[in-house]
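Laboratory data are not the source of any read-out in this text; all were calculated from the coordinates shown. Please read these numbers as outputs of a predicted model, since none were measured by experiment. Virtual Cβ from ideal backbone geometry, glycine too; neighbours counted across all protein chains shown.
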Amino acid sequence: MASKLGLIIKREYLAKVRNRSFIVMTILSPLLIVGMIVLIAYLAKINDDETRVVSVLNESAFFLDELKPSKSISYVHFDDLTLQQAKDSTNSLEYYGLLYIPNQPSVEKAANSSFLFTKDNPNTSITKELEGVFQKKLRQDRLRKLGVSPEQFSSVEKPFEINLSTFEGEKSIKGVNEIKAFIGGGFGYAIMMFIIIYGGFVMRSVIEEKTSRIIEVIISSVEPFQLMLGKIIGNSLAGITQFSIWIVSASALMFVAVLIFGIDLSSLSGESAIPAGPMGGMSQLGAMDSEMMLYAKEIYDIPWGLLIVSFFIYFILGYLIYSSIYAAIGAAVDNETDTQQFIFPIILPLMLAIYVGFFSVFSNPHGPIAVGFSLFPLTSPIVMLMRLPGGIGEGGVPLWQFITSVLLLIITFFGIVSLAAKIYRTGILMYGKKPTYKELIKWLRY
Amino acid sequence: MDHILVAKNVTKSYGNYTALSNISLQIPKNCIYGLLGPNGAGKTSFIRIINQITHQDSGEIFLNGEPLAPKHIASIGYLPEERGLYKSMKVGEQALYLAQLKGMSKSEAKTRLKYWFDRLNIGDWWDKKIQELSKGMAQKIQFIVTVLHEPKLLIFDEPFSGFDPINANIIKDEILQLKENGTSIIFSTHRMESVEELCEYIALIHKSEKILDGKLSDIKKAYKNNIFNVGVQLESDAETLLKTLKEKFNILSSDIDAVEHQLNFKVQLPSSQTGEILTVLSKTTNINRFEETIPSANDIFIQTVNSKDNGK
């Protein structure tokens, strides 16, 4: 029995890794991903560098000092021109726009009758910045009327940051929860992607056996359940092979890209498609200030051992549950186009887990929604992993929640796999029937 | 008599649909046993139960005297009606895989595959992919894979579909050879020509029930209805001859072949009358043909199925 399972796993694995499109994807994907990242970083850099020139026709007695060049706007001042002349010059000099401040007796009135002329609809960041300048001046002016001097005003305006500390007296820093959830999220996201891609492989492989009509030949030699299990394991091994190649080659490529293009990856923050490993930032240790040191310490303090062990637990159980559902779907249909109605309900909990994770776990890792979804078996592999970087026990996930979630997952695993196996063994011998949910429930009783 | 397979009161239903009701069969060793029936009669359901792909709701099955168990998978070879192979897998690799799933060792499977590939003249296909082969070629591979592990019981479900006449003949000869070598064979089909040629025993399944079984020659005898086909040389006056005959005998149909100058007719004769009609005919004319019509398997099939349907 065991050797037959081994044979099936071997065949499924080889069939997958020898497949031409699989090989192409394995080679191309890292190139595409790294290419995308480099492109995004490059575009972001270009975008940042652009400074727009705005000409100013200021006929009032105000705003003489306020319009200082910034990162995104520089100003050219026109004097002694009419508005029409200023517009024409702005146009012919191809400046971004013309700011017109008419001669008015008060700041209030001058501001209210000012105009920004541009060729097209102006960029929001430009209008925001200009509005900020006016806003500040107006506030200063109104306060001055109430008897507040400009010096007093600027002291009031000083930005404020609250001092942070843990109960143990260590200095704590902002954004750590987000970083932790982000790292957990990376693991969760990897699980989701793996399930969707390789679950699909399992499904297509089942459909292929049905359409090529080999299925009856095979199951006259082996148990349908053995075949299903062999398929799931074989395909996941192929998936792990592919994932490993991706991670290794993408890291290598990324390293090369950083060396060649000198792109500052830290500017990308959240946009990276690859789950950021803890080592990502380490190469810049030299330039780190004390705050960076604190972040590094927090990342270092994440219970990596626990995280990796639980990643494997949740990954294996979650993948087995979902891929056996995929196998059942493959068995129920005759071709891939019929799978849509069944696929959506599977992807739904996965998507939900990701969204709940990013919206709820980020802000409150131990709130009721985060707890609920990290216990519910269809979402726990993703949501629990987002909570786990906080550790287990005090300040992290309570131990009972962790154990309950794993137990629920194991129970669900046995339930779902046996249901899926029933649908599978009936479905693989059914041809020419477009199955409905009602039909599937009937199959469970055969 | 020694039986390779005995089924006792086997019943199987899917929800409200009954696929098999109380089927009992005895399949003798070392013969070709035809499992006949219209589409949807329950043949495939029965075969799937023998192969342990599905299980009966009630009833028992014995293989070689032992209750059917998973270990018997290795002693059964099954060529399903819905058959195929992995399209993108190489012929040799695939045959090895399927043989190993039946419990053969890799080296043993290789030796026997070589023998069969040479025997059917397809030695150079080993490294081809199935998708490069024609349908008939793939069927040959399928056949080899079915018989490779030298099972005691072979089950062929519509084995000749997909073969051209030449290859169908090759396969037919191979099946007969396997029988000679001592294999018992169940042959499921609704194509009656091949039944006449191959089967010694048949069972007829219709609407989930067995309505007939036994030795084909016995069944044919039982279905004989004393009808004779007669052809005589035509003398000048056919009408008079026909008239005299009709007075004495039960003529079922007749026709006059003017080109060959022959009168053909069908007559039903109780055994006592055969001598009488021969005397009458030999006096008046030359007899070209006089033969008893033995019902073909096809006639029996249609007759039994129809009478069953009308009886209900």
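A few notes on this one:
- Considering only B:VAL259, B:VAL195, B:VAL232, the mean-square fluctuation computed in a Gaussian network model of chain B, springs between alpha carbons under 10 angstrom, is largest for B:VAL259.
- Applied to the range A:393-398, the Karplus parametrisation 6.51 cos²θ - 1.76 cosθ + 1.60 on θ = phi - 60° returns per-residue 3J(HN,Hα) values of x, 4, x, x, 7, x Hz, with x for Gly and Pro.
- Reachable lysines, given that their alpha-carbon falls under 23 Å from the alpha-carbon of A:LYS136 and they are not under 8 places away in the same chain: A:LYS68, A:LYS71, A:LYS109, A:LYS128, A:LYS145, A:LYS158
- Percent antiparallel among DSSP beta bridges (both partners in the protein assembly as shown, rounded to 5): 60 percent
- Debye intensity ratio in log₁₀ form over the Cα atoms of the range A:58-106, taken at each q of 0.28 Å⁻¹: -1.20
- Amide proton proximity set for B:TYR33, modelled H, under 5 Å, gap of 5+: B:ILE185, B:ILE186, B:PHE187
- With eigenvalues of the C-alpha gyration tensor scaled by 5 and rooted, chain B, Å: 47, 25, 16
- Scaled to the globular estimate 2.2 N^0.38 Å, the Cα spread of the range B:113-169, given as radius of gyration, is 1.13.
- The range B:131-197, Rg to Rh (Cα coordinates; Rh as Kirkwood inverse mean 1/r): 0.95
- Put simply, the Cα atoms of the range A:319-367 extend 45, 20, 10 Å along their principal axes, the longest span coming first.
- Among the lysines of the range B:1-92, pairs at least eight places apart or on separate chains and with Cα atoms under 24 Å apart come to 8.
- Given +1 at the Cβ of Lys and Arg, -1 at the Cβ of Asp and Glu and no other charges, the dipole of the range B:1-107 around its Cα centre is 300 debye to the nearest 20.
- Partner aspartates and glutamates for A:LYS297 [C-alpha distance under 16 Å; skip if fewer than 8 residues away on the same chain]: A:GLU168, A:GLU170, A:GLU178, A:ASP289
- Student exercise, the range A:1-60 dipole from Lys, Arg, Asp, Glu Cβ charges, in Debye to nearest 20: 1000 debye
- Shape parameters for the range A:365-446, alpha-carbon atoms, Rg then Dmax in Å: 17.9, 57
- ³J(HN,Hα), Karplus 6.51/-1.76/1.60, whole Hz, each residue of the range B:156-171, x for Gly, Pro: 10, 9, 6, x, 8, 5, x, 9, 7, x, 5, 5, 4, 5, 4, 5
- When restricted to Cα atoms, the range B:1-48 yields an Rg and a Dmax of 11.9, 37 Å, respectively.
- Residues with amide H under 5 Å from that of B:ASN288, placed H, sequence gap 5 or more: B:GLY231, B:VAL232, B:GLN233
- Using the Stokes-Einstein relation with a Kirkwood hydrodynamic radius computed over Cα pairs, the translational diffusion coefficient of the protein assembly as shown at 25 °C and a viscosity of 0.890 mPa s comes to 72 µm²/s.
- The value given for chain A is a Kirkwood hydrodynamic radius of 27.0 Å, derived from the mean inverse Cα-Cα separation.
- Dipole of chain A computed with +1 at Lys/Arg Cβ and -1 at Asp/Glu Cβ about the Cα centre; of A:ILE346, A:PHE373, A:PRO398, farthest Cα towards the positive end is A:ILE346.
- Per-residue mean of foreign Cβ neighbours for B:45-54 is 3 (Cβ atoms of other chains, 10 Å radius).
- Helix-only arithmetic for chain B: the sum of -39500 (n - 2.57) across DSSP H runs with n ≥ 4, divided by the residue total, places the mean residue ellipticity at 222 nm at -11000 deg cm²/dmol.
- Antiparallel content of DSSP bridges confined to chain B, in %, to 5: 70 percent
- Normalising the Debye intensity of the range B:211-307 to I(0), with uniform scatterers on Cα atoms only, and taking log10 at q = 0.10 Å⁻¹ returns -0.34.
- The peptide list B:57-64, A:63-70, put in order of mean Cβ contacts within 10 Å with the highest first, becomes B:57-64, A:63-70.
- Among B:GLY136, B:VAL10, A:LEU408 the positive-end extreme of the charge dipole of the protein assembly as shown (Cβ point charges): B:VAL10
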